[in-house]
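First comes the structure, then the notes that go with it.
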Amino acid sequence: MSFRLNPFKVMRAVGIVAVVTYGIVLATGYKKSKETTTESVTKEMKIRNKDFYNSKDYKNNLTLPNQVVENNNETVTKELEQAKSSQPINLQQDQIAINPKNVSSQSQTNVKITNDAKKKQEETKLEVKKLEQKKQEEAKIAEQKRQEEARIEARQAEIRKQQQEAARKEQARVEAAKQHAKEEAARKAREEAKKNQIKSGSKKYIQVASVTSESSAREIAKKLGGNFYYKKTSVNGRTVYVVMSNMTDNPNTLKTMENQAKKAGSGYMIRSVGK
């Protein structure tokens with residue numbers, strides 16, 4: 001699970017910290033300025049102690065002429081009355097008038113704090129901007145990756161489709177070839193059967209005898225000589241032995257076998273294949 005930084009919360013937090021820091025600095029500067037001003041005023045003013053009459057200055061004043069003492073007393077009295085009737089002292093203005101250096105230093109501090117706060121705020125904005133740019137770049141890269149994967153998948157799907165189509169065509173071609181070979185074989189078989197039928201229909205043989213004894217059939221075939229033999233067959237449920245010649249479509253061969261049957265003195269019958 002990844003942590004996602006909220007830029008607005010960051011900016012708000014930085015702003016609050018900057019304001020609080022600025023307030024603390026102002027309060028601290030004002031306190032220091034007040035203490036400095038008080039010390040300066042204390043140094044410049046002459047405060048009379050309670051036992052002032054024991055001091056050398058007072059004793060010296062006693063030696064002054066009476067007229068001088070009275071004048072001094074009147075002056076002090078007037079100053080006191082004027083101080084009582086004067087407006088309240090504005091400590092902040094007095095501090096400014098007394099310590100312009102402190103005010104300048106405070107202003108510079110305030111300016112520095114403000115600049116630091118602005119700088120931090122700018123840095124925060126820059127950081128947020130960088131984060132946004134980074135997010136945009138990551139989103140862009142992710143989108144490009146997704147599109148590339150989609151293109152690869154599309155190409156693979158097209159390749160699979162072409163392969164399936166090629167396999168289907170090859171299968172169809174093989175099936176067509178098998179069917180053609182089957183039809184061709186059937187055609188050749190029909191032609192061969194037709195040829196054999198035609199050829200068989202033109203062949204003839206000589207049937208000499210049909211006996212029930214195998215020994216008799218063997219004897220007759222031996223007497224006729226070559227080109228004659230016997231074979232076992234069944235006629236109406238009875239086993240018989242047929243003495244016959246070889247099949248031939250050559251008229252000369254058939255004539256020779258016919259002469260052999262005549263010399264043997266046996267009756268014979270010329271028959272066609274299938275009849």
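The values are calculated or read from the model by the stated rules, or taken from the named source; none is laboratory data. From a predicted model like this one, the values you see are computed outputs, not experimental measurements. Neighbour counts run over all protein chains shown; Cβ positions are idealised from the backbone, glycine included. Side chains are part of the model used for accessible areas, which takes the heavy atoms of the whole protein and leaves out ligands, DNA and RNA. Shrake-Rupley method; radii C 1.70, N 1.55, O 1.52, S 1.80 Å.
Before moving on, here are some points about what is shown:
- In the set (1) open to solvent by less than 70 Å² (accessible area, probe 1.4 Å); (2) assigned to a helix (DSSP H, G or I); (3) closer than 30 Å to residue 252 by Cα; (4) out of contact with any strand residue (DSSP E or B) (no Cβ under 8 Å at 6 or more places or on another chain), the condition left unmet by residue 167 is number (3).
- When residues in the stretch 125-160 are screened for being of a type in the set (A, V, I, L, M, F, W, C) and either in contact with a His (Cβ under 9 Å, 6 or more places away or on another chain) or in contact (Cβ under 8 Å) with a residue 40 or more places away in the chain (or both), 2 of them pass.
- Residue check, residue 121 in contact (Cβ under 8 Å) with a residue 12 or more places away in the chain and either open to solvent by less than 80 Å² (accessible area, probe 1.4 Å) or part of a helix (DSSP H, G or I) (or both): yes
- Close pairs (9 angstrom Cβ cut-off, 6 or more residues apart or separate chains): more than 15 Å from residue 221 (Cα to Cα) and hydroxyl-bearing (Ser, Thr, Tyr) in the stretch 246-273, modelled with pLDDT of 80 or more and loosely packed, with under 13 Cβ neighbours inside 10 Å anywhere: none
- Output for the stretch 207-234, where each listed residue is touching a Lys or Arg at 6+ places or on another chain (Cβ under 6 Å) and within 12 Å of residue 264 (Cα to Cα): none
- Residue count, the stretch 216-238 (criterion: open to solvent by less than 70 Å² (accessible area, probe 1.4 Å) and at negative phi): 10
- Tally, over the stretch 222-275, of residues that are in a loop (DSSP other than H, G, I, E, B) and not hydroxyl-bearing (Ser, Thr, Tyr): 15
- The numbered conditions (1) within 20 Å of residue 25 (Cα to Cα); (2) charged (D, E, K, R); (3) modelled with pLDDT of 85 or more are all true for residue 130 except (1).
- Set 215, 200: member being modelled with pLDDT under 85, under 29 Å from residue 263 (Cβ atoms) and out of contact with any strand residue (DSSP E or B) (no Cβ under 8 Å at 6 or more places or on another chain): 200
- Some residue of the stretch 134-143 being within 30 Å of residue 34 (Cβ to Cβ) and among the aliphatic types (A, V, I, L, M): no
- Residue count for the stretch 245-263, restricted to those that are open to solvent by less than 50 Å² (accessible area, probe 1.4 Å) and in contact with a helix residue (DSSP H, G or I) (Cβ under 9 Å, 6 or more places away or on another chain): 5.
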